[in-house]
Structures are given as structure tokens and as C-alpha cells.
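> Attaching a single structure in C-alpha cells format; questions to follow.
Derivation of every value follows stated rules applied to the coordinates shown; laboratory data play no part. Bear in mind that the values here come from a model prediction, so they are computed numbers and not experimental data.
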Amino acid sequence: MSKAVVLLSGGLDSATTLAIAKNEGYECYALSVNYHQRHIAELEAAKKIALLFKVQDHKTVEMDLSWMLTSALTNPDLKVPTELTSHIPITYVPARNTLMLTLALGWAEVIGAHDIFIGVNAVDYSGYPDCRPEYIEQFQKMANLATKSAVEGQNIQLHTPLIHLSKEAIILQGMKLGVDYSLTVSCYQADKNGRACGVCDSCRLRQNGFKAAGVNDPTSYQ
């Protein structure tokens, strides 16, 4: 059985990504990151999801990004927006996916994994630049220039199974694979118990996904 590192935030997309990796026969190693995000409850959700899918190992790595004061996810003095914008929103955390993928890349080398899964999405998402296919393509190139594994002939492959799927399609696929979405936390300002605000961009995308899928929304709201 091949090993894979799966980035697991505790949200809807990452939980579905883990389910897909597990279904494809990978021995999964889940990696979560405490970057001092205001929605810290997602890390408790990640623990529950990792247990649900019986991952081989689950690590939560500390990476303090609270000094990145331009993001509403790391600066509690900034308000999480409740209106859609045509610009990259203030919830964008600079270089977050690059940093997380780099951690996953390092762990993959340590455990001898040649596959990394990340639940980025370029359809129903908030407009972040590090969720685009062209970004993943370039990180893939970098990964295989930067690693001992690749230099010695064993490339590391990035998997983005959700990148071209709508939230509706993601939810329907996840349900087939046994994802319990009541365990997941997607809200950008969830309270300490993981209850969602219901009005932020992430909540709206999630709500619309369940509605389009014709599925009852199991989210716990404040």
C-alpha cells in the first residue's frame, strides 16, 4: 500500500480529500497546521475526521502566522467579511498553501511517501491565488527540484481531486465515501465549540453546496 500525506484542515474540502485518498487505497498520514487561525476549532474537527478514517498517523504542526496582520484569519482586529468581493478577500493568508505544502513535502520525504493530497478548489472558492491549477502545477515542478527523493528518481506527485469540482459535487462524492460532514468546520469565525456564523464567505459557499446537492445541512450554527 502506497503512503500519502493528506493536508487536513478539518473543513469540508479536506475531509472529502482524505476520504478520496483512502478510497484510492493509500495509507494516509494526515497533517494539520495550527497557524494561530481565529477558527481554531477546525483543528478539533480534524482530529475527529482523522479518527473516522483511521489514518496511519495524524500530526498537528505549530506554525505561528499571527504576525501576518493583513489577514482576517490571523488578525482578530480585522472583521471577517460577510459580503462577496471581486478582489482577493481579506481572509487570504499570505503564502499559506505554499507553507503547508512545504511541510507536507518534508513529511513525505521522512516517511517515504511519494504522494501528497490537498483539497484546493478553483470552482466554488474564495478567489485565493494559491488554489489555482497553475499554482499547483508550479509547486509540483518545485517539489521535484527540491527533494532528495526526486533527484534520486522517485518523483513526488501532488493530487488535487477537488480542484475542478463544485461544492455540490464535492458533497455528493464525500457522502458516497462516508464523510460525516457534521464533524467538519468550515466557518472563518467559528466559536470554540465549532459552531458556524452562517454569514461569512466560507459559510455561504458551504450552505449553497448542501442546498444544490439536495442534502440536509448538518452544520451547527451559532
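> Only Cα pairs under 8 Å and at least 6 apart count here; give the relative contact order of region 1-131 as a rounded whole percent. Let's see the in-between values first.
Working: 219 pairs, mean separation 39.5, N = 131.
Rounded, it is 30 percent for region 1-131.
> Mind pulling the angle between the C-alpha long axis of helix 96-111 and the longest principal axis of the chain? Nearest 10 degrees, somewhere in 0 to 90.
It works out to around 40 degrees.
> Subtract the Cα-Cα distance of Val110 and Ile40 from 0.36 nm times their separation in residues, and report this length gain in nm to one decimal.
Between Val110 and Ile40, full extension yields 22.5 nm more.
> Could you pull out every one of the aspartates and glutamates with an alpha carbon less than 19 Å from that of Lys54, ignoring same-chain neighbours closer than 8 positions?
Counting by Cα, and skipping residues close in sequence, Lys54 has these aspartates and glutamates nearby: Asp13, Glu24, Glu27, Glu42, Glu44, Asp115, Asp180.
> Counting only C-alpha contacts under 8 Å and six or more residues apart, can you give the relative contact order of the chain as a whole percent?
Relative CO of the chain lands at 24 percent.
> Hey, another quick one. Out of these labelled values of Kirkwood radius over Cα pairs in Å, (i) 18.0; (ii) 17.5; (iii) 17.1, which was calculated from the coordinates shown here?
Recomputing Kirkwood radius over Cα pairs in Å here picks out (ii).
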